[in-house]
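Engineer: Quick one: the structure is below, questions incoming.
Where a number appears in this text, it was derived from the coordinates with a stated rule and is not lab data. Because the structure is a prediction, the values reported are computed rather than measured. With ideal geometry, Cβ positions are generated from the backbone for all residues, glycine too; neighbour counts draw on all protein chains shown.
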Amino acid sequence: METTLYKLLNNNEELINLIGENRIFPIFATDLKQCALEYEYRDLKSGIVNQSQFSINIIWNDYDFILNVKSLLNEILIDKLNTQYKELNGYKFNIMLSGGSSPLYRDDLKVYQINLNYIVKWIKI
């Protein structure tokens, strides 16, 4: 499922046009010359319907820019009604925003950071 979520973001033309190619990193980013997305994936529950957490940090020095990225990520990942399951790469899944952090400024790196946490309910088909 983790690879499917990565592909969903990395193959979204609008997102890649906004942040650039190869700007989505697992766990942490070492290159902050432009906007970076750091993601972390955790399985929470398994069974007939599995549940996982998908967290994304948006990092860049332009506050308004990361707010635009945040909005686009929510459009890509979240079904407005939270009732429809998407199908991709042998999975059916539904994603809901479960929280995150308020924006913070990282003085050590001179960048802003927003964290988003999503809950993913999924089944392998």
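Engineer: Sticking to Cα atoms, compute the Rg of the stretch 2-124 to one decimal and its Dmax as the biggest Cα-Cα distance, whole number, in Å.
Structural biologist: 14.4, 44
Engineer: How much net charge surrounds PHE54 when only other residues with a Cβ under 9 Å from its Cβ are counted (Lys, Arg +1; Asp, Glu -1)? Mind dumping the intermediate values first?
Structural biologist: Values: positive: ARG42; negative: GLU2, GLU40.
Summing Lys/Arg as +1 and Asp/Glu as -1 gives -1.
Engineer: Using a/c under 1.5 as the rounded threshold, could you call the stretch 33-84 rounded, prolate or oblate? The axes a ≥ b ≥ c are square roots of the C-alpha gyration tensor eigenvalues, and prolate needs a/b larger than b/c, oblate otherwise. Walk me through the intermediate numbers first.
Structural biologist: Numbers: a/c = 4.85, a/b = 1.73, b/c = 2.81.
Because a/c hits 1.5 or more and a/b fails to exceed b/c, the stretch 33-84 counts as oblate.
Engineer: Continuing with the same structure: Tell me the net charge near VAL69. Cut-off is 14 Å between Cβ atoms, VAL69 excluded, with +1 for each Lys or Arg and -1 for each Asp or Glu.
Structural biologist: Working: positive: ARG23, LYS70; negative: GLU14, GLU38, ASP62, ASP64, GLU75.
It works out to a net charge of -3.
Engineer: While we're looking at this one, here's another question. Can you give the local net charge around TRP122? Use residues other than it whose beta-carbon is closer than 15 angstrom to its beta-carbon, Lys and Arg +1, Asp and Glu -1. Write down the numbers at each step before the final one.
Structural biologist: Values: positive: LYS7, ARG42, LYS45, LYS86, LYS92, LYS121, LYS124; negative: GLU2, ASP43, ASP79, GLU87.
Neighbour charge sum, excluding TRP122 itself: +3.
Engineer: Under the rule that an exposed site lies in a DSSP loop and has at most 11 other Cβ atoms within 10 Å, name the longest stretch of the chain with no trypsin sites (Lys or Arg not before Pro) of that kind, not counting the sites themselves.
Structural biologist: Numbers: sites that count: LYS33, LYS80, LYS110.
Between exposed loop sites, the widest span is 34-79.
Engineer: Would you grab the residues whose amide H sits under 5 Å from the one on ASP62? Only those 5+ places off in sequence or on another chain, please, with H modelled 1.01 Å from N.
Structural biologist: Sorted by chain and number, the residues that satisfy this are TYR112.
Engineer: Next question. Let me spell out the model: positive unit charges on the Cβ of Lys and Arg, negative unit charges on the Cβ of Asp and Glu, origin at the Cα centre of the chain. What dipole size does that give, in debye rounded to 20? Intermediate values should be presented prior to the final figure.
Structural biologist: Working: 13 positive and 15 negative charges, 94 e Å.
Computed charge dipole of the chain: roughly 460 debye.
Engineer: Note the angle between two axes, namely the Cα long axis of helix 63-77 and the longest principal axis of the Cα atoms of the chain, as a number of degrees from 0 to 90, rounded to the nearest 10.
Structural biologist: It is inclined by approximately 10 degrees.
Engineer: So which chymotrypsin sites (Phe, Trp or Tyr not before Pro) in the stretch 1-109 end up in coil per DSSP with only 11 or fewer other C-beta atoms within 10 Å? Mind showing how you got there, number by number?
Structural biologist: Working: sites: TYR6, PHE28, TYR39, TYR41, PHE54, TRP60, TYR63, PHE65, TYR85, TYR91, PHE93, TYR105; in loops: PHE28, TYR85.
Sparse-neighbourhood loop chymotrypsin sites (Phe, Trp or Tyr not before Pro): PHE28.
Engineer: Something else about it: Dipole of the stretch 2-124 (Lys/Arg Cβ +1, Asp/Glu Cβ -1, origin at the Cα centre): which of GLY20, GLN34, ASN74 lies farthest to the positive side?
Structural biologist: The listed residue farthest towards the positive side: ASN74.
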